[in-house]
Structure formats: C-alpha cells, structure tokens
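J.: Structure below; questions to follow.
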Amino acid sequence: MSAELREFLRTRRARLSPAEAGLPPHLGTRRVPGLRREEVAWLAGMSVDYYVRLEQGRNPNISTEVLDAVARALRLDRTERAQLYDLVRCRSGRPQPAQRVNPALARVLGALTGPAMILGHRLDVLAINPLGALLYTDFAERPAGERNLVRHVFTDPAARERIGDWTGAARATVGALRRYGGCWPGDELLAELVEEMSSLDADFRRWWAAHDVLAYTHGDKVYRLPGLGELTLHFAALILPDDPDQTLYAYTAEPGSPTEAALRRTGLTSPGTAPSGSPAPSAAAATPAHRPAG
C-alpha cells in the first residue's frame, strides 16, 4: 500500500501551487508541478526526511497530529483526509466476507416509492428496485460477475445514453471506487476490476491514475429515458453505523415536477414493489438474483 500512499500524496502535491499554499514566489525554474516535498514538510512543520519517509510509507507509527498537519498543508477536503488516514493505517489485505443485503436496508428499499439501490464492496449492486433498474439496468438479469455499478457505467452503451452528464457521473464513480480502495486495501477482486476497466476504457485509466476520491453522499442527476424524457432526480445515501460496507441510495423527484409525473406514469411507484437482490427476512418477495460480493 506504500505505492498507493505515495501516489495519492504526489498527486495532491502536484495540484497545489506554491501561491495557493501561501508560499512566497520562487525564483528560477521549477522542475515539478505543484509543491515540492520540502515545501510540504515546511508547511506541515516537520523535517524533509520525516515527510519523505511518510510519503513512501516507511513511517509505521504516525500520530493523528502529524496526519492533520499534512492534510492542512495539502488543503485536503474531508474525504481526502479520510483517504489519507486509511492509506497510512491500512488494514492488512484479507478476503472480503460474502455480502448479503442488510435486512434493515432491505426493509427501507422495499418501502421507497422512488428509484433506489443498495451498493456493497467495490460498488457491487446488492439490490435494486424496479424504478432503479429503469434508470440503470436490471442487474438481476446480468451474469453474476457483471452486477457492478462501475462495470455498468463504463461498459454498457445504455449508460452513456441514459445518464445526462455521463462524464461527470463516470468520474465520480471512479472517485468512489478509489475511496473504497483506501478503506479495503488488498482486495483482490478490486484489483481485478481495476485492471479490467483500465484495459477497456481510456477515461477510466486516466481518472484512476489521478487518485481523486469522492464520498458519494448526495447530489442531483439527470437521466434521459426512452418514453419518459429527461428526469431530474436528487439522490441521498443511507449508511448504517454498524454496517458501513453497504449503502442505500434513494432518488427523489421534486414534488409536482414533470419528473415526478413521469415516474408515476411507469406504474412502479407503489411501495413494496419487489426489488431485485438478495432475499432477506424483510424482503421475502425479492428475487434471489444477488451473488455474494466478496
């Protein structure tokens, strides 16, 4: 994981100019974009040697105060700070346990009247309701190895047609996958997914190399669906504190909007409509289409 840490910090340094960091103008030619290691060390109040060893993953015991100082020096946002802490204090790589839909999230999914889905490790789609499938695809009909949001966004031509801002959404998806990688280093299935997507798509390869991270918590998305037209939806994430490895994404339309009317016309807005995913005690009607993710 030292390589991941090194590249993450290098790309954070490269994007920040000395002027943006509050440093005086530098005379002469700079050989590297952004900040030098010694400049980060000075801003963080530590020796150059200590920062170099930190960036290379050769400091096994780093205090929270030191990480906070580096985060301030590099102007990291909240998500990037979390990524830094996880990369420094990464858990040893171990096989991920097979995931089944959390029963509490399954109950919420079954009660929603708008599009919704539950994502797990590597952005695997654990369950999705019919309106969610309308926005993306019916993952229950996909082969087990293809029930993944990243793979859908980058390999399914329908995704590029349906997602209004495909470039923004695809880049955000890569950022969310990067964030997962910081939480679960050593995930062999993640490595396989990244290798496959990098070989298939130049955009994925370029965005993955940028090491940008994203917490996909809320926002707005536009979809263009045949027969329904343009839909504008707000999404929000629900994560249970005792099961942070699964996330329910719920999409809502503005009350009284054309999007709300279009969704009603589908006849799929009644709560309790069976989702596609792993059967759970609270969702006995769910189709058993989920493969264990892990």
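The values are calculated or read from the model by the stated rules, or taken from the named source; none is laboratory data. Quick caveat: nothing in here was measured; it's all calculated off a predicted structure. Every residue, glycine among them, receives a Cβ derived from its backbone with ideal geometry; neighbour counts consider all protein chains shown. Ligands, DNA and RNA are stripped out before the accessible areas are found, and what is left, the full protein with its side chains, is counted by its heavy atoms. Shrake-Rupley method; radii C 1.70, N 1.55, O 1.52, S 1.80 Å.
J.: Within the range 232-259, how many residues turn out to be free of Cβ contacts under 8 Å to residues at least 60 places away in the same chain and within 25 Å of Ala172 (Cα to Cα)?
T.: 10
J.: Can you tell me which residues in the range 190-213 are closer than 22 Å to Asp165 by Cβ, in a helix (DSSP H, G or I) and among the acidic types (Asp, Glu)?
T.: Asp203
J.: Given (1) within 18 Å of Arg122 (Cα to Cα); (2) open to solvent by 20 Å² or more (accessible area, probe 1.4 Å); (3) modelled with pLDDT of 95 or more, identify the lone condition not met by Asp245.
T.: Answer for Asp245: the failing condition is (3).
J.: Just give me the residues in the range 190-204 being of a type in the set (D, E, K, R) and open to solvent by 40 Å² or more (accessible area, probe 1.4 Å), in sequence order.
T.: Passing the criteria: Glu192, Glu195, Glu196, Asp203.
J.: Still on this structure: Does the range 41-51 hold any residues that are surrounded by 14 or more Cβ atoms within 10 Å (Cβ to Cβ) and not in a helix (DSSP H, G or I), and which are they?
T.: Met46 - this is the single residue of the range 41-51 that is surrounded by 14 or more Cβ atoms within 10 Å (Cβ to Cβ) and not in a helix (DSSP H, G or I).
J.: So which residues in the range 178-198 are touching a helix residue (DSSP H, G or I) at 6+ places or on another chain (Cβ under 8 Å) and among the small types (Gly, Ala, Ser)?
T.: If the condition is that a residue be touching a helix residue (DSSP H, G or I) at 6+ places or on another chain (Cβ under 8 Å) and among the small types (Gly, Ala, Ser), then Gly181, Gly182, Ser198 are the ones that fit.
J.: So how many residues does the range 205-236 have that are open to solvent by 40 Å² or more (accessible area, probe 1.4 Å), among the aliphatic types (A, V, I, L, M) and under 23 Å from Leu134 (Cβ atoms)?
T.: Going through the range 205-236 one residue at a time, the tally reaches 2.
J.: Taking the condition touching an Asp or Glu at 6+ places or on another chain (Cβ under 9 Å) and of a type outside the set (Gly, Ala, Ser), does Trp208 pass? Before the answer, list the steps.
T.: Details: touching an Asp or Glu at 6+ places or on another chain (Cβ under 9 Å): no; of a type outside the set (Gly, Ala, Ser): yes.
It is false that Trp208 is touching an Asp or Glu at 6+ places or on another chain (Cβ under 9 Å) and of a type outside the set (Gly, Ala, Ser).
J.: Restricting attention to the range 237-251, does a residue exist that is within 18 Å of the chain's Cα centre (by Cα) and part of a loop (DSSP other than H, G, I, E, B)?
T.: yes
Matching residues to (1) surrounded by fewer than 15 Cβ atoms within 10 Å (Cβ to Cβ); (2) assigned to a helix (DSSP H, G or I):
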position	(1), (2)
Ala3	yes, yes
Pro24	yes, no
Arg30	yes, no
Glu39	no, yes
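J.: Restricting to the range 5-19, name every residue that is closer than 29 Å to Tyr180 by Cα and not in a helix (DSSP H, G or I). Steps first, please.
T.: So the first thing to find is which residues in the range 5-19 are closer than 29 Å to Tyr180 by Cα, and the list is 5-17.
Of everything in the range 5-19, those that are closer than 29 Å to Tyr180 by Cα and not in a helix (DSSP H, G or I) turn out to be Arg15, Leu16, Ser17.
J.: For the range 203-213, what are the residues that are within 18 Å of Asp77 (Cα to Cα) and touching a Lys or Arg at 6+ places or on another chain (Cβ under 6 Å)?
T.: Val213
J.: Same structure, new question: Mind listing whichever residues of the range 38-56 are touching a Phe, Trp or Tyr at 6+ places or on another chain (Cβ under 8 Å) and closer than 25 Å to Cys183 by Cα?
T.: Val40, Ala44
J.: Which of the numbered conditions does Tyr216 fail, given that it passes all the others? Conditions: (1) touching a residue at least 40 places away in the same chain (Cβ under 8 Å); (2) part of a strand (DSSP E or B); (3) within 27 Å of Ala3 (Cα to Cα).
T.: Tyr216 satisfies all of (1) touching a residue at least 40 places away in the same chain (Cβ under 8 Å); (2) part of a strand (DSSP E or B); (3) within 27 Å of Ala3 (Cα to Cα) except (2).
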